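Beneath this line is the structure, given in structure tokens, with notes to follow.
The values are calculated or read from the model by the stated rules, or taken from the named source; none is laboratory data. Here the structure is a predicted model, which means the values were calculated and not measured. A quick note on method: Cβ atoms are made from the backbone with ideal geometry, for glycine too, and the neighbour counts reach across all protein chains shown. Quick note on the areas: whole protein, heavy atoms, side chains included, nothing else; ligands and nucleic acids left out. Shrake-Rupley method; radii C 1.70, N 1.55, O 1.52, S 1.80 Å.
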Amino acid sequence: MFDKTVFKLIGAGRTAVLLALLSLAGALASVGQAWALCCALVALWGGAGLAGREGLLVVFASCYLGNRVIRAVREWLLTRFAAARAGEMRRQALERLMAGRVRGEDAGLGAAGGTSLVIEGAEQVERYLELSLGKSIDLAVIPLVIIVAVFALDWVSGIIALVAFPFIMLYMVMIGGNARELAEQRQLEQARLSNHFLDAMRGLDVLRAFGRARGHADAIYRVSERLRGATMRTLRTATLSSAVLDLFATFALAGVAVMLGFRLVDGDMMLFPALMALVLVPEFFLPVRSFAADYHATLDGKHALERMRALLEAPERSVAVLPEAAWGDGSELAIRGLTVRYGDACALEDVSFAVRGFERVGIVGASGAGKSTLASVLAGFLDPCAGAFELRAGESEARAASLYAPAWQRQVIYIPQKPYLFHATVAENIAFYTPDAPRECIERAAEAMGLAPLLEQLPQGLDTLIGDGAGARQLSGGEAHRIALARAFLDGRRRVLIFDEPTAHLDIETELELKERMLTLMQGRLVFFATHRLHWLANMDRVLVLAHGRVVADGEPRALAADGTIDRCLRAAEGDEVDA
Ligand code: ADP
């Protein structure tokens, strides 16, 4: 029920000791309060009145106030501890996710799982730490103090309360299994909803364009209904089980009251111990009832903590160490036995080739052949399952299992199908790789990539806000591309250009207009150009033809085109949708 690893968190031991002391003080205050109350009642019952017994009132008031203060300090301690630990976990998880060191998938959370964990999971963890630590310590300390007091007053009442206690615990263990199952189901539905929602957000344009938005909205509705159902089932079990627990505690109290009553009537017992035992027995059951009342809420938190741990402990992508020397004419990159799998499916298999200097390498293949996967591996975004990279630049040489290496990534410019524009000004977007670039250089880059007509139209020229978000000017695909190209133009130090189907979303006029500018950028750089538009091959020094994740041809484009190899390879792969 309680995750013992919580005690291993920083500050948990100290907080637990303080909480235990506070629980002990609170329990003693409850006993004191009951004592003062019962003394007063017995005096009143005996007709003695309260005159001369003002001390009882003082004891009662101090114990009552003491209990309030203890509760407030306890809340403060718990909130401070839980907020600090959950906040720290959220910060670390966010850092790992944002830096790309782990992905939600690495921790078995799905694509959207990491984000939803950082947003709402951290809150659940906070609540869990607060509830579980406080309540479990109360459960360990308070009943112990109270039962000792009850035994001292009347051993029969003590035995009745003690006998009822294991039954309550047994019942809690019994419902625990069921509650865990329900909570797991709820988590699953929640993860499904997050992933559906993420899918919908990513594909909103496409869904709307093809009239499928309604269908997808219905699917989201169905998934959220399932989540609602699972939540209601959890709540039903929670309410019912805490009602049954209350019933157990009430039966035990009734047993104590009846036994006390008989003995009082028979004159075997004095009023004071009987009254006090009757007041204290409910206090004995209070912590376990309070623990059970929040048990379901803590289960959600416990799962969130487990998922948070999985994310924080998932092995980080190891950073490769590669030569710092800039890519130059004599540099060489050899790729050996590269294999990439998504789950069981193999996206690239045993791919080997070597490139050197400022070669321009076209990567072609039918849809699904593995072009984007190869581009992502070359940019260092994706780690292969097998294979090695040997890099020789300047005087140094190194071998690594991936290109996730700061030294390599500092050299790379990656231009995808739809370049991402940040919610910032045009100038800031252009200077993305080189934030310190002087204004004239940014202007020159914009001019060189054909952005002048756009800038004339924009109200604040280079200082106009673009990207997604409020108040930003939306740009066309071609304009976004020019900005991405201007980034590359501005950063002359990055000597490796990776294009992933850069023109797939552009009309042919825009593509041809941009082509010249792109070719200018390719000079003096190593270029990987993944495309399915074959007219680019005339501008490449070399072409790799991919089919089903394997390199099926590698050579000089004109020669491979002339003897029909490219055509044959592409047609052999089932996707024949290659544009001439
Ligand atoms: P291309 O760029 O040539 O169209 P990709 O590299 O995108 O090919 O995909 C290669 C294969 O890997 C395809 O079968 C594709 O379905 C699969 N694939 C690509 N990305 C993922 C992913 N994130 N998860 C699972 N499978 C993927």
List the number of the failed condition for D329; all other conditions in (1) within 16 Å of the ligand (Cβ to nearest atom); (2) acidic (D, E); (3) free of Cβ contacts under 8 Å to residues at least 40 places away in the same chain hold. (1)
Residues that are open to solvent by less than 30 Å² (accessible area, probe 1.4 Å), assigned to a helix (DSSP H, G or I) and more than 30 Å from E126 (Cβ to Cβ), drawn from the stretch 40-67: A40, A43, L56, C63
Of the residues in the stretch 251-282, how many are charged (D, E, K, R) and open to solvent by less than 60 Å² (accessible area, probe 1.4 Å)? 1
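How about the stretch 68-90: which of its residues are in contact with a helix residue (DSSP H, G or I) (Cβ under 9 Å, 6 or more places away or on another chain), of a type in the set (D, E, K, R) and surrounded by fewer than 14 Cβ atoms within 10 Å (Cβ to Cβ)?
Correct list: R71, E75, R80.
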Screening L455, L451 for residues that are open to solvent by less than 10 Å² (accessible area, probe 1.4 Å) and of a type in the set (A, V, I, L, M, F, W, C) leaves only L451
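Just checking, how many residues over the stretch 356-400 are of a type in the set (F, W, Y), within 19 Å of A345 (Cβ to Cβ) and at pLDDT 90 or above?
0
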How many of the residues making up the stretch 312-327 are open to solvent by less than 20 Å² (accessible area, probe 1.4 Å) and in contact with a strand residue (DSSP E or B) (Cβ under 7 Å, 6 or more places away or on another chain)? 4
How many residues does the stretch 507-535 contain that are crowded, with 17+ Cβ neighbours inside 10 Å, under 23 Å from G368 (Cα atoms) and more than 15 Å from the ligand (Cβ to nearest atom)? 2
Filter the stretch 342-380 down to the residues that are over 20 Å from M522 (Cβ atoms), more than 11 Å from the ligand (Cβ to nearest atom) and of a type in the set (A, V, I, L, M, F, W, C) and list them by number. V351
Checking A472, A484, A431, A424 in turn, the sole residue that is in contact with a helix residue (DSSP H, G or I) (Cβ under 6 Å, 6 or more places away or on another chain) and touching a residue at least 24 places away in the same chain (Cβ under 8 Å) turns out to be A431
Given the conditions (1) open to solvent by 10 Å² or more (accessible area, probe 1.4 Å); (2) in contact with a helix residue (DSSP H, G or I) (Cβ under 6 Å, 6 or more places away or on another chain); (3) farther than 17 Å from L451 by Cβ, report the number of the one that E479 does not fulfil. (3)
Looking at L245, is it of a type in the set (A, V, I, L, M), modelled with pLDDT under 85 and open to solvent by 80 Å² or more (accessible area, probe 1.4 Å)? no
Some residue of the stretch 190-208 being open to solvent by less than 70 Å² (accessible area, probe 1.4 Å) and under 30 Å from L77 (Cβ atoms): no
